[in-house]
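Notes for the one structure printed next.
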Amino acid sequence: MAYYQRRGEVPRQRHTQLRTPDGRLHYEELMGEEGFTSDSSLLYHRGLPSALVDARPWELPDQSTTPNEPLLPRHLRLPTLFGDGAGVDVVTGRRLVLGNDDVRISYAVAREPSPLYRNAVGDECVYLESGTATVETVFGPLTARAGDYVLLPRATTHRWLPGPEGVRAYCIEANSHVTPARRYLSKFGQLLEHAPFCERDLHGPGEAPVVEESDVEVYVKHRGSGPSGLAGSIHVVPHHPFDVVGWDGCLYPYTFNVEDFMPITGKVHQPPPVHQVFEGHNFVICNFVPRKVDYHPQSIPVPYYHSNVDSDEVMFYCGGDYEARKGSGIGQGSISLHPGGHSHGPQPGAYERSIGVEFFDELAVMVDTFRPLRLGEGGQAADDGRYAWSWNREA
Ligand SMILES: [Fe+2]
């Protein structure tokens, strides 16, 4: 993240001594991106952050993928993948829906606390479709609620503690960093006036007491020899990772709630880039929120038919009633996958019906990838098998 935050106790100058009242040194850890040339933070630990007493393999949830062949648009009904979330946690229980070499999309309906977890492959952006959770992190706890994007920088040790009603979590795992769209940022990293959100809408970690437990397991996802080039390990560390007495810097986890996105609307239909929130390497994240729509007297408010010749488009429908998809069977928790190489647009009848509509009550999170997506085991299991033919039917 771009702007400076500080929590707890840090020494007056960086790389100098910070001691406990009885004189014991704290251990300074720099957590930084791009080899000391990008954002970083300094954390002060009670114990040695590098200490390790044991390691063993962690068999990740199935990460294998199959190509989208023959090339088809698809409707994936994610709610069919889970029951009520009993016995499932957000980390070990997430099921892979779609993925490529840049990003993986998984889904979890979960009620259980997760183990301590560190994704060493890339940043995670977890959209909370429903529920509340505390996400405890090495920087302090995040409070998350429905509509929150939870941004967890690569290698941030954390764990998910769902509230009593459980959570429905849409997990976007990058192989890179995930940041606000760069065109929203000034040359020094401030969100510009034309951006649909600002720093005030981003919520960093709170403060939490130091945890003193010893011999703690941390589940690490990392690059390796398994499917999709990934592997898992369980590290046993002698000092609980949440032994941080203070930190400061510009790299930390945070939340942003979709309600705080101020949509940009126009006289005629506005293209998806106005709905952008975040971006990673070779993909973008946009959201479509409830909004007034086009005010040209001859406008057609739903999208024109379009070929995204450079991308696969993944829409996750997470609220309201998506105007352009009426008549397709798509509902809460559905995904539509519209692959590059195939034109898509509103379902039959929706184009005509939208004329004169002044407000769209819809909520969707979109991931556009610049390389083709493959289907994970969850994506295959949730495929309705009929969506590709839905433009042939009259609504
Ligand atoms: Fe589209």
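Quick look at the values:
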quantity: Cα lying deepest toward the dipole's positive end in the chain, options PHE278, THR137, VAL167, charges on Cβ; calculated: PHE278
quantity: Electrostatic dipole magnitude of the chain [Cβ: Lys, Arg +1; Asp, Glu -1; Cα centre; debye, to 20]; calculated: 400 debye
quantity: Where trypsin sites (Lys or Arg not before Pro) fall in DSSP loop in the range 185-254, at most 16 other Cβ within 10 Å; calculated: LYS187
quantity: Rg over Rh, two decimals, the chain (C-alpha only, Kirkwood Rh); calculated: 0.99
quantity: Centroid-to-centroid separation of the range 127-199 and the range 72-92 [C-alpha atoms, Å]; calculated: 20 Å
quantity: The range 91-191 - charge dipole about Cα centre, Lys and Arg +1 at Cβ, Asp and Glu -1, debye rounded to 20; calculated: 180 debye
quantity: Quotient of Cα Rg and 2.2 N^0.38 Å for the range 95-226, N being how many residues it contains; calculated: 1.11
quantity: Positive-end residue of CYS250, GLY226, VAL236, charge dipole of the range 142-268 with Cβ unit charges; calculated: GLY226
quantity: For THR132, distant residues with modelled amide H under 5 Å away; calculated: GLY163, GLU165, GLY166
quantity: Compactness of the range 212-341 as Cα Rg over 2.2 N^0.38 Å, two decimals; calculated: 1.53
quantity: Portion, in percent, of the accessible area of the chain that falls on carbon or sulfur, probe 1.4 Å; calculated: 51 percent
quantity: Cβ charges +1 (Lys, Arg) and -1 (Asp, Glu), total dipole of the range 291-332, debye; calculated: 240 debye
quantity: Accessible surface ranking that places the most exposed of GLU28, GLU59, GLU313, GLU199 first, with a 1.4 angstrom probe; calculated: GLU59, GLU28, GLU199, GLU313
quantity: Percent of beta bridges antiparallel (DSSP, the range 28-164, rounded to nearest 5); calculated: 100 percent
quantity: Separation between Cα centres of the range 210-227 and the range 232-283, rounded to whole Å; calculated: 21 Å
quantity: DSSP-defined antiparallel bridges as percent of all bridges, the chain, nearest 5; calculated: 95 percent
quantity: Which of LEU185, LEU152, PRO209, positive extreme of dipole for the range 140-241 (C-beta unit charges); calculated: LEU185
quantity: 1.4 Å probe accessible area per residue over the range 301-378, in Å²; calculated: 37 Å²
quantity: Mean separation of Cα contacts under 8 Å (6+ apart) over length of the range 261-394, as relative contact order %; calculated: 30 percent
quantity: Percentage, to the nearest whole number, of Cα pairs in the range 280-395 over 26 Å apart; calculated: 18 percent
quantity: Fluctuation leader among VAL309, VAL138, VAL284 - the chain, Gaussian network, Cα springs under 10 angstrom; calculated: VAL309
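The values are calculated or read from the model by the stated rules, or taken from the named source; none is laboratory data. Everything quoted here is computed from the prediction, not taken from an experiment. Reconstructed Cβ throughout: ideal geometry from the backbone, glycine too, with neighbour counts over all protein chains shown. The accessibility values were calculated without ligands, DNA or RNA, using every heavy atom of the protein model including side chains. Shrake-Rupley method; radii C 1.70, N 1.55, O 1.52, S 1.80 Å.
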